Amino acid sequence: MFDAEIHESTGGWTFRVDLEGLQEVVVQPLLGYIEKCGGGISPEPPDPSLLICWHQEQTAYLAARAIGVEGVSPLWVYACLKAGKLLPPEGKQHQPFPGPGLPAVLKDPASYVGCISGFAGPERWAWLTMMACMGMRVTKSLAPIGDGRSTHLVACSIEGKSEIEAARTFNMHIVDIRWPEDCLEQPATGG
């Protein structure tokens, strides 16, 4: 867990970040994106006004809610970057995910190892984050063989790219960007 602070120009918000259990490929870029939003990391901000966390079953989320502190998912940071300003944390789209992953993914994690194609920068990070929050193990690039073999390729376009052709060769599931969103909207059946 680390603490961060949004500087005076953005209203002086302070927030705590707890992404325990989420993969490094998601956590490390978050630090840079917090800075792009005008934030900075500090050892212990006084009374955080917001918690950035992975899911609603985390101890940190439950403790924050008990004292009236709102929780948001890491995707709130992406929404702020995209809007070019600090957004209010309210709204279903900014809430932490209900649990540590989708039931189907948690039941058989080896069947859900994903990578993405056709995205860059913060948008790429947002899709990796969404997949990780589904409970998937995510990789930075296509891994067609071995223990960490990719099982799913999420692509912005499912035609013509070398990653798409490689995924077809290795019988991977090739899905478009609606798939993670649809799975998260229907968590009981998603996956």
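The values are calculated or read from the model by the stated rules, or taken from the named source; none is laboratory data. Because the structure is a prediction, the values reported are computed rather than measured. Areas reflect the complete protein model, heavy atoms only, side chains present, ligands, DNA and RNA absent. Shrake-Rupley method; radii C 1.70, N 1.55, O 1.52, S 1.80 Å.
Gly99's amide H: which non-local residues (gap 5+, or another chain) put their own amide H closer than 5 Å, with H modeled 1.01 Å from N in plane and none for Pro or chain starts?
Gln56
How large are Rg and Dmax for segment 78-118 when only the alpha carbon atoms are used, in Å?
Rg, Dmax (Cα atoms, Å): 14.9, 39.
If each residue of separation counts as 0.36 nm, what is the full-extension length gain between Gln28 and Glu57 once their alpha-carbon separation is subtracted?
Numbers: separation 29, 0.36 × 29 = 10.44 nm, distance 2.20 nm.
Computed gain between Gln28 and Glu57 is 8.2 nm.
Using a 1.4 Å probe and ignoring any ligands, DNA or RNA, find the accessible area of Lys140 and quote it in Å² to the nearest 10.
Probe radius 1.4 Å; accessible area of Lys140 about 150 Å².
If you project the alpha carbons of segment 51-191 onto their three principal axes, what span does each projection cover, largest first, in Å?
Per principal axis, max minus min of the Cα coordinates gives 52, 36, 23 Å.
Ignoring ligands, DNA and RNA, how do Phe119, Phe15 rank by accessible area with a 1.4 Å probe, largest first?
Values: Phe119 25, Phe15 5 Å².
From most accessible down to least: Phe119, Phe15.
Obtain the radius of gyration and the Kirkwood radius of segment 15-126 from its C-alpha atoms and give Rg over Rh.
Details: Rg = 14.5 Å, Rh = 15.1 Å.
That ratio is 0.96, to two decimals.
Using a 1.4 angstrom probe and counting only protein chains, how large is the accessible area of Glu123 in Å², to 10?
80
Provide the solvent-accessible area of Thr59, counting protein heavy atoms only and rolling a 1.4 Å probe, rounded to the nearest 10 Å².
Spelled out: Thr59, probe radius 1.4 Å, area about 110 Å².
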